[in-house]
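Before any comments, here is the structure.
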Amino acid sequence: MLFFRLITILALFSIRNVQTTVRLGANLGGLADYDRKMPYVNLIRQARVWGSPNAPWDGNATFDPITGWPTSDFGMVLVAAAVDLGGQYLFYAKGNAHISIDLDSQSYITNQTYDASTNILTAVLNIAEGKDELMISCRNTTGPGLRDIAVLQPNYTLTSKTNITNLLLTHLSRFSIIRFMDWTRTNGNPEVNWNDTTPVDWPQYAPRRNPWQTIPYIVNQLNKPTDIWINIPISATDDYIVNVARVMLSDLNPQNNIYVEYSNEVWNYGFPQAHTNVAAANDSVLNHGDPYRLNYDNCSNVWYWAIRRTAYQIKHIAELFKTVFGEENVGPWKRVRPILSEQAGWPFVMMLAVDYLNAVFGPPSTYLHGVAIAPYFNLGEVSKWTNLTTDQVLDTFNQSIYDMSPERGWSEKSANGIHAVYAAWYKLAVYGYEGGPDTAGGNSLEAKINATRHPRMTDICLTYLNAWHRFGFQELNWFTAGAGSIGQYGSWSLLEDMRQETLIDTTTMFNVTSPVAQLPRPSPKLKAVDEFRQSSVEFNFGIPIPTLNINATNFMGHKDPYPYSDLKIIAANDTFYYPLKIVESCVQINVTIYVGGQSNLLQVGINNEQFIEIQTPQTANMTTFEPTSVMQFTINQTIVPSIATLRLKNTGKSYVYAIRSFDVVLSTNK
């Protein structure tokens, strides 16, 4: 339930047959030995910090703090949770040592050779089919230890040792946006200064973070322009942010756009950055004179201050990017697109943030591109059941998707609808920073695993993606691209093994006896993604134009069902919003409102502009209604289909006043 009454008249002018194809983004997961996408050809990049040779996982080996290479005998955990590692892996290093494969009696080493003239050690690691871990140790190392170590995935040579795998690049090529939140390990990222970041030539990225330079390095190799979505750490200095911008300007292909977001889910107190943010907001207001005017309305609510600080920070980040890219390249539908991400299930968070920006700094669309939410479909309370069947999991997913669909309208029960309407009021696009199925929880795990692999999951995911785009929203970034395991923490990835990819033939990469052969290829989720990319979606949100006698109680955030037949007891400054479909980028509409009771002042505006204030007619009582004068608005939309929001605001003082309905028609005066 919203804390105030709002009626939004939202003018959605969509093309009747929207796109021939639709765009879809994806999140790229983080880097770890237990992650199955194995993005780097050289597995050293994803290895844990150097361990002792007898316990490679203990992190106790010594290493050079300047170069990052071990200075004595050591062990490595390279892979910890694969489906099947079977194959030949090339080992390479400068220096000499005795190599062994740990905790694996079936795998073996061949062709171990040391060339004293070049100081180069090579070997072939023959890993048995079905092995899911790879740990090796190096003993009797020559001083000052091994350098330039590489363990290459099968079918790669040393010329590829700095590369991203062809499998991952092919997999990512289907997406229009790649969000790198997990790739740079945004959650809990303690980096403050630029010299805190990982150097490109550091041997192991996983114990720290992937360097920022790896983002353009990946995207530039894709076979089409692909936008990036980056997340600035919670405590990054201005110098840090400017350096990120410089990397993207210098390294990223100029045809690729850049979505930039402040940290990740700063509203989510399950993450450290939320606590950092609320402390910083509190300190700013109480100890530094409130320079960002977080308490501009004297609300004295530290949680509100924190939400507003998030909005201020993305505005500030946008200003810093302008110093690098130029003001003309930062903002709505420009190359750099600042995004304010908020909570999907509670639109009030987004509303509080953009209202603050509008009140203190002016229209948010002058510096923001859009807002973003994470509309996962999930099991809700059913996730606590211990005896779910596969069909029950899938049926519950279907219900969850229906509850998020545009057919649910824009009542208090439709968070997606409210986001659509209110973002449009401020001329902001809506994105899904994350999305997909949420199966997290240890109960009924077998049913969740079976549901993830079930053919019905394809149609469920298609229904979900179709519902999102019928709102007229922009890309949803699937969480996540690549491969990962299914377990009590969720089934987030599109694949369980990268060899389920179908854009290239992977069947020669495993034997028929391999566990990989038992997995569906493609996976049901990947099949849905590829079918959806080739589909078209018909926009289906809002009230068509022309429409007469639109019930005024059908405003954004209204109770469902609404207790009265018309709007009554309208207090001063009450505001109301409604969605209307629009099929042209430039259109004029006429609005007539039917009111009853005492004469009053009513303000009408569209897209946070074109405000008109009228004196409403007086009628015999609050059940007798008469039309106001006709108000005309011109709507110019950057993108169609899209939403233009019309707002009614009671600027008078009368409570003996009611609104029954309104008409919206196309104007004949053009």
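Every residue, every condition in (1) open to solvent by less than 40 Å² (accessible area, probe 1.4 Å); (2) in a helix (DSSP H, G or I), yes or no:
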residue: 260; (1), (2): yes, no
residue: 275; (1), (2): no, yes
residue: 283; (1), (2): no, yes
residue: 290; (1), (2): yes, no
residue: 300; (1), (2): no, no
residue: 306; (1), (2): yes, yes
residue: 316; (1), (2): yes, yes
residue: 324; (1), (2): yes, yes
*Just checking, how many residues over the stretch 370-413 are within 15 Å of residue 441 (Cα to Cα) and basic (Lys, Arg)?*
1
*Among the residues of the stretch 206-256, count how many are closer than 22 Å to residue 274 by Cβ and free of Cβ contacts under 8 Å to residues at least 24 places away in the same chain.*
0
*Can you tell me how many residues in the stretch 11-57 are among the acidic types (Asp, Glu) and at pLDDT below 95?*
1
_Tell me the residue from 155, 210, 223 that is assigned to a loop (DSSP other than H, G, I, E, B), under 27 Å from residue 509 (Cβ atoms) and modelled with pLDDT under 95, please._
223
*Of everything in the stretch 634-669 that's without any contact (Cβ under 8 Å) to a residue 60 or more places away in the chain and either assigned to a strand (DSSP E or B) or basic (Lys, Arg) (or both), which residue is nearest to residue 406 (Cα to Cα)?*
636
*Would you pick out the residues in the stretch 39-63 that are open to solvent by less than 40 Å² (accessible area, probe 1.4 Å) and over 37 Å from the mean Cα position of the chain (by Cα)?*
52, 53, 55, 61
_Members of the stretch 502-529 that are open to solvent by 30 Å² or more (accessible area, probe 1.4 Å) and closer than 13 Å to residue 24 by Cα_ = none
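Looking at 149, 127, 136, which one is in contact (Cβ under 8 Å) with a residue 24 or more places away in the chain, of a type in the set (A, V, I, L, M) and within 21 Å of residue 506 (Cα to Cα)? Steps first, answer last, please.
Numbers: 149 fails: within 21 Å of residue 506 (Cα to Cα); 136 fails: within 21 Å of residue 506 (Cα to Cα).
Result of the check over 149, 127, 136: 127.
Please verify whether the stretch 354-361 includes one or more residues that are part of a loop (DSSP other than H, G, I, E, B), farther than 26 Å from residue 456 by Cα, hydroxyl-bearing (Ser, Thr, Tyr) and touching a residue at least 40 places away in the same chain (Cβ under 8 Å). First the steps, then the outcome.
Of the residues in the stretch 354-361, the ones part of a loop (DSSP other than H, G, I, E, B) are none.
Within the stretch 354-361 (the criterion being part of a loop (DSSP other than H, G, I, E, B), farther than 26 Å from residue 456 by Cα, hydroxyl-bearing (Ser, Thr, Tyr) and touching a residue at least 40 places away in the same chain (Cβ under 8 Å)), the answer is no, since none of the residues qualifies.
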*Can you tell me which of 381, 407, 412 is assigned to a helix (DSSP H, G or I), out of contact with any strand residue (DSSP E or B) (no Cβ under 6 Å at 6 or more places or on another chain) and more than 25 Å from residue 490 (Cβ to Cβ)?*
407
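With the requirement that a residue be of a type in the set (D, E, K, R) and closer than 30 Å to residue 477 by Cβ, what does the stretch 25-84 give you? First the steps, then the outcome.
Step one: list which residues in the stretch 25-84 are of a type in the set (D, E, K, R), which gives 33, 35-37, 45, 48, 58, 64, 73, 84.
Matches in the stretch 25-84: 33, 35, 36, 37, 45, 48, 84.
Test residue 598 against the criterion of being modelled with pLDDT under 95 and among the polar types (S, T, N, Q), and give yes or no.
Working: modelled with pLDDT under 95: yes; among the polar types (S, T, N, Q): yes.
Against the criterion (modelled with pLDDT under 95 and among the polar types (S, T, N, Q)), residue 598 qualifies.
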_Suppose we filter the stretch 618-633 for residues that are of a type in the set (S, T, N, Q), open to solvent by 50 Å² or more (accessible area, probe 1.4 Å) and either touching a residue at least 24 places away in the same chain (Cβ under 8 Å) or under 23 Å from residue 666 (Cβ atoms) (or both); how many remain?_
5
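The values are calculated or read from the model by the stated rules, or taken from the named source; none is laboratory data. Quantities reported herein were computed from a predicted structural model and do not represent experimental measurements. All Cβ positions, even for glycine, are placed from backbone atoms using ideal geometry, and neighbour counts span all protein chains on display. Please note that ligands, DNA and RNA were not included when accessible areas were found on the heavy atoms of the full protein model with its side chains. Shrake-Rupley method; radii C 1.70, N 1.55, O 1.52, S 1.80 Å.
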